[in-house]
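**Q** Below: one structure in structure tokens.
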Amino acid sequence: MTAFDLFLQQAINGLSLGAMYSLLALGFTLVYGIMELINFSHFNVFMVGCMIAMVTLKLFGLNGQDTILTGLPLIGVMLVGFFVTMTLCGGIGVFIERLLLRPLRAVKGPAPMITTIGVSYVLFNIILLTIGGDSKNFPNPLPPIAFNIGGAVLRLREILIWIIAVLLMGGLTYFVQYTKLGKAIRATAQDQEAARMMGIEVDRVIMSAFFIGSALAGASGMIFGLYYNLAKVDIGFGAGLRAFTAAVLGGIGNVPGAMLGGVLIGLIESSSGQFLGSAWSDVVIFSILVLVLVLKPAGLLGRLAPNKS
Amino acid sequence: MYKAIAQTLGRPFEKMDPIKRKMYALWLLLIVVIILPLVLDNEAQTDTMANAMSYATLALGLNIVVGFAGLLDLGYAAFFAIGAYYYGIFTAYQVMPAWGPLWEPFGYVGLVEKINQGGPDLVHFTLSFWIAMPTAALVAALFGVAFGAPTLRLRGDYLAIVTLGFGEIVPIVARNSDSITNGAAGLNGVKAPLYWGVNTETMQIAKMSFGVDALPFYYVGLALVLLLIFVSIRLRDSRIGRAWMAIREDETAAGAMGINLVNYKLLAFAIGAAFAGMTGVFFVAKLQTATPEMFNFAVSSMLLVMVVLGGMGSVWGVVVGALLLQLMQTWFLPSITELCHSLGESLGSQMLLDVDFVQWTQLFFGIILIGMMLFRREGLIPARRAIPPLNMQQQAASVQRGGFSGLEKIGRWSNPKGNALEVKGVTVKFGGLVALNSLDLVVPWGGVVAVIGPNGSGKSTLFNVITGLVEASGGSIKFNDVELIGLRPDQVLDNGVARTFQNIRLFPNLTVLENVMIGQHARLVTGPVGAVLRPPAVKAEEKKANEWALDIIALFGNRLKPRLTQVVSGLSYANRRRVEIARALASRPKILLLDEPTAGMNPAETLELAEQVKSLNEAGLTVLLIEHKLDVVTRLANTVIVLDHGEKIAEGLPDDVRKNEAVLEAYLGRSAQAGMAGAAHG
């Protein structure tokens, strides 16, 4: 492989990882933008999403990489898989918000954040106790089609991941920009009190942000499974930290920022894995997080929500 | 029912002095924990209890960071790891450089020894456990400072995720630095502690041999817990502890009251890290091995659960929390599991036989976190008990009105001639908005200057730029010939400029007395060492500070005095305003900046406060005042300055300004005369 091929290959890998992180980062950014809360349960909603997707695909009789689907069945299975995963994860998000966070709405200090840490723990351990801690084989029915671009390889699953990510992010952008609820979300992020006085049901806005964010985390979890062909109980931490870094890098509270940050983090991870060894990629990502927070806390695209300090 | 039992049992002790009773109870508890392992005489249980001690010390350290200073640290185990690896590396057979004459002197003091494993002579480090303990505290504290310096400026919630990352990085570094830490396999052959000059055989007979018996570790651990409880309590009840709690309650107000935010956060971080570093040495000396897995996120989060369960900020609470969780893990869950298994056997139920609750430990951790946050946020043993509010009779008891009484107690201000505060050409911009445009303002020594103007005219911005809360984009602010622009809020206060806030920024969960005590922060000098050792000088300082605070509070007559130990969030609005003024006065200001001090007060209270400010001024205190109520302004001010859209539109005597056409138009609107009455009361 030439240096250019190597670069191209890492760009392809990085874009796929980036798509995954972007979707996950959106959940952090939506919730933070509205409530100024770092939602630690998001880490493991992602992991649960990966598990739900695995179980759903297995229910279709898919197992490992044995069964290859093409054409309509493939599209159908993928659609159903994403739909089920996203709906269930969104439901989990709503459940967390409605039952555990809403009672703490008026409480100042770290209580809501500590609650989300507790939720994250509970989700992790429920999966650990029911599905187990070992690495599971994630069903992947995609035909092994690959294109050679110079020395780099572009596989079908990467194309699929990109398409899904673009569709979801495009849909979200449309939703936030042009729908009534989307406008309500943006208004609430700017000023909760004013939004409430203008007749916006803030509770409903927060709940929908949790639903959307968690659903996107579910999609991201399924993409993780398709990309790595595995599902494991401890994947939430690394992916979550990267996605959070992505959200901060793009400017937390900022929807396009989360998308941009995710792609950048994906590219950084794939290239640092190439040049430093994957054992150090956590260190690199974490250093970026600290550097951005210290040097440019508003991120690349700036905060959407005003700084309420 | 519990209450009835407790009352019956407590009857003989009812008449005892409560402080003495507490002392006796503590001594009794101490004797119990000392003889407990001897009575049980069970190696495994002693070992478990020794582990519990190390969890308690870690929880105590995390409590300083999270409970006292309010910094949510999710990677606390990293400092535990640093202490552990520090001791491990300097006693295990992993890092062994070649022997040379340079090492000889270290050999004499017993820090290294020459060994030969076939080949050239090598250095084997033999750091003593007893030296490692205090030095590990230092090393960990240094790491705490090095790591905290860039990150502690971050907002609280960001700090949580950054520490989370840090907690994850340290084990990764340990895992990937094979040559120093032996990677994932971990360090082996970490040395157990040694006694000095004591016959080892005697110790073996007494079951006190390190590395063989758990008993000596239990006692070392117990001593460590006692030491750290002592240190925590001493710090909590000192100038340092008050500063931490102020930061936890309201950072902006803490800065404005003279507390250097970064330094005090770093101090909390460093002391917390020191506790963890010491525990790390203890822990690996006991296990005689150190692996990266011993310090992962699970440990950090378990410690958080302990602190949350016991009560954030509660010293005894977190110890109880640590012991309870250890009890749950090592006794309760295994016992329940056994019970289920024997039930399963007799009932023939496979499901009951398969249950293993020990695996559920972490699930319970999560449930405890959620449950405590939803139902008992203050923890099992809250850091402070709620004090009942005054009853009607106490509230009605002779409320003293009028100006200040006892002002002579806090002294007079002797002022030089000339100007105290000189603001020249100060401009403040927020993005495109010019909040203050090239403002000039002068406050003479001993004068009262009032700043009035419509909402959004830049009055509070003026206060914020003087006190260092917002940055000026140009100009100069000289107080007492010291340039204030570029100083931090705490430095501004240190120069004698104290302020109140328009929206009242007290430390809501602290008492009236504590709030006023924090006001004196900049005038006291006790450092962390003094706070822990409490030498006579520190005792005297505390006593004087307390008297000073009481004198200040006494200025307000019966308004605040009966409410000394009340938490300020439960006070009436007017009383909170008074506490805020008392807090500012406690800092011995040369100038007092009052931001709408009578806002929200009824006419009688307004009058009372105006009288009080007047008597302060008569005692010589220079005052800069923002006020909407024109009758207050007329009564108090020598000079009135009118702001509109960030610019000064008029300046002069109160009566002249009232007649100024530009003022009437800007401030009172076009129908000036009609608006006058409304403005006077709004």
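**Q** About the Cα centre of region B:403-479, what is the dipole size in debye to 20, counting +1 per Lys and Arg Cβ and -1 per Asp and Glu Cβ, all else neutral?
**A** 120
**Q** Between region A:79-131 and region B:131-160, what's the alpha-carbon centroid distance in Å?
**A** What the calculation gives is 31 Å, centre to centre.
**Q** Same structure again: Check cross-link reach from A:K232 to the lysines: straight Cα distance under 19 Å, and skip same-chain residues fewer than eight apart.
**A** A:K58, A:K136
**Q** Quick check on region A:13-235: take the gyration tensor over C-alpha atoms, sort the square-rooted eigenvalues as a ≥ b ≥ c, and tell me if it's rounded (a/c under 1.5), prolate or oblate.
**A** Note, shape of region A:13-235 comes out prolate.
**Q** Hey, if we sort B:R11, A:R242, B:R234 by accessible area with the 1.4 Å probe, largest down, what's the order?
**A** B:R11, B:R234, A:R242
**Q** Ignoring any ligand, DNA or RNA, what whole percent of the accessible area of region B:509-586 comes from carbon and sulfur when the probe is 1.4 angstrom?
**A** Of all accessible area on region B:509-586, carbon and sulfur atoms account for 60 percent.
**Q** In straight Cα distance, which lysines are under 26 Å from B:K22, not counting same-chain residues fewer than 8 positions off?
**A** Filter leaves B:K3, B:K539, B:K543.
**Q** I'd like the mean, over residues of A:102-115, of how many other protein chain beta carbons sit within 10 Å of each residue's own Cβ.
**A** For this peptide, the per-residue mean of nearby foreign Cβ atoms is 5.
**Q** Put +1 on the Cβ of every Lys and Arg and -1 on every Asp and Glu Cβ in region B:1-41; which of B:L40, B:I19, B:L30 then has its Cα farthest towards the positive end of the dipole?
**A** Working it through, the farthest residue towards the positive pole turns out to be B:I19.
**Q** Another question, if that's okay. Calculated FRET efficiency, A:W162 and B:N116, Cβ-Cβ r, R0 51 Å, to nearest 0.05?
**A** Approximately 0.25, to the nearest 0.05.
**Q** Helix-only mean residue ellipticity at 222 nm, chain B, DSSP H runs n ≥ 4 weighted -39,500 (n - 2.57), per residue, nearest 500. What is it?
**A** So the helix-based figure for chain B works out to -17000 deg cm²/dmol.
**Q** Enumerate the calculated ³J(HN,Hα) couplings along region A:206-216 in order (Karplus 6.51 cos²θ - 1.76 cosθ + 1.60, θ = phi - 60°), each rounded to whole Hz, writing x wherever the residue is Gly or Pro.
**A** Listing the rounded values in order: 5, 5, 5, 4, 5, 5, 5, x, 5, 5, 5 Hz.
**Q** Another question about this same structure. Of the accessible area of region A:13-235, with the probe set at 1.4 angstrom, what percent is carbon plus sulfur?
**A** The C+S portion of the solvent-accessible surface of region A:13-235 is 68 percent.
**Q** Which value in nm describes the separation of the simple spin-label points at B:W130 and B:L36, placed 7 Å from the Cα toward the beta carbon?
**A** 2.7
**Q** Calculate log10 I(q)/I(0) of the protein assembly as shown for q = 0.07, 0.08, 0.10 Å⁻¹, where I(q) comes from the Debye formula with a single equal point scatterer on each Cα and nothing for solvent.
**A** -0.74, -0.94, -1.31
**Q** Just tell me how shielded B:369-377 is by partners: mean number of partner chain Cβ atoms within 10 Å of each residue's Cβ, no decimals.
**A** Average neighbour count from other chains, rounded to a whole number: 6.
**Q** So, one more: With r defined as the distance between the Cβ atoms of B:N176 and B:S615 and R0 fixed at 51 Å, what FRET efficiency is calculated, to the nearest 0.05?
**A** So, using R0 = 51 Å, E works out to roughly 0.15.
**Q** For B:I387 paired with B:E471, estimate the spin-label separation in nm (one decimal), with each label point 7 Å from Cα along the Cα-to-Cβ line.
**A** Taking the two extended label points, one gets 4.2 nm.
**Q** Okay, next question. For region B:1-41, give the magnitude of the charge dipole about the Cα centre (Cβ charges: +1 Lys/Arg, -1 Asp/Glu; no others), in debye to the nearest 20.
**A** Value, rounded to 20: 260 debye.
**Q** Beyond a 18 Å Cα-Cα separation, which of these cross-linked pairs lie in this structure: A:K296/B:K459; B:K629/B:K659; B:K459/B:K629; B:K478/B:K614; B:K191/B:K286?
**A** Violating the 18 Å limit, Cα to Cα: A:K296/B:K459; B:K478/B:K614.
**Q** Within 10 Å of each Cβ in peptide B:164-173, how many partner chain Cβ atoms are there on average? Round it to a whole number, please.
**A** 5
**Q** Grab the beta carbon distance between B:T200 and B:V442, set R0 = 60 Å, and tell me the FRET efficiency rounded to 0.05.
**A** Once rounded, the FRET efficiency stands at 0.15.
**Q** Sticking with this structure for a sec: Among residues other than B:Q362 whose Cβ falls under 15 Å from its Cβ, what is the net charge (Lys/Arg +1, Asp/Glu -1)?
**A** -3
**Q** Can you tell me the order of B:35-45, B:307-317 when each peptide is scored by its average per-residue count of other Cβ atoms within 10 angstrom, highest first?
**A** B:307-317, B:35-45
**Q** Separate question: Near the amide H of B:T126, under 5 Å away, which other amide H atoms are found, from residues 5 or more places off or on another chain, if H is placed in the peptide plane?
**A** HN-HN under 5 Å from B:T126: B:V112, B:E113.
**Q** To continue, here is another question. Have a look at A:A165, A:L226, B:V112 and report the one farthest towards the positive end of the charge dipole of the protein assembly as shown, computed about the Cα centre with Cβ charges (Lys/Arg +1, Asp/Glu -1).
**A** A:A165
**Q** Which order, highest average first, do B:528-540, A:8-20, B:473-485 follow once you tally other Cβ atoms within 10 Å for each residue and take the mean per peptide?
**A** A:8-20, B:473-485, B:528-540
**Q** Just going by the charge dipole of the protein assembly as shown, with Lys and Arg at +1 and Asp and Glu at -1 on Cβ, which of B:S301, B:V492, A:I12 is farthest out on the positive end?
**A** Most positive-ward Cα: B:V492.
**Q** Right, another one. Can you list residues from other chains, or at least 5 along the same chain, whose modelled amide H is less than 5 Å from the amide H of B:E647?
**A** For B:E647, whose amide H was placed from the backbone, the distant partners under 5 Å are B:N437.
**Q** Can I ask one more? Buried accessible area for the B:A pair, summed, 1.4 Å probe, in Å² rounded to 100?
**A** 3400
**Q** Turning to a different aspect of this structure: Loop only per DSSP, at most 11 neighbouring Cβ atoms within 10 Å: give me the chymotrypsin sites (Phe, Trp or Tyr not before Pro) in region B:175-243, ordered by residue number.
**A** Answer in residue order: B:W196.
**Q** On average, how much accessible surface per residue is there in the protein assembly as shown, in Å², for a 1.4 Å probe, leaving out ligands, DNA and RNA?
**A** Computed with neighbouring chains in place, this is 43 Å² per residue.
**Q** Further question on the same structure: For chain A, what is the calculated [θ] at 222 nm in deg cm²/dmol (nearest 500), taking -39500 (n - 2.57) for each run of four or more DSSP H residues and dividing by its residue count?
**A** -24000 deg cm²/dmol
**Q** Note down the magnitude of the dipole of the protein assembly as shown about its Cα centre, charges +1 on Lys and Arg C-beta and -1 on Asp and Glu C-beta and zero elsewhere, to the nearest 20 debye.
**A** 2160
The values are calculated or read from the model by the stated rules, or taken from the named source; none is laboratory data. Given the structure is predicted, the values throughout are model-derived calculations rather than measurements. As a convention, Cβ positions derive from the backbone with ideal geometry for all residues, glycine included, and neighbour counts pool all protein chains shown. Quick note on the areas: whole protein, heavy atoms, side chains included, nothing else; ligands and nucleic acids left out. Shrake-Rupley method; radii C 1.70, N 1.55, O 1.52, S 1.80 Å.
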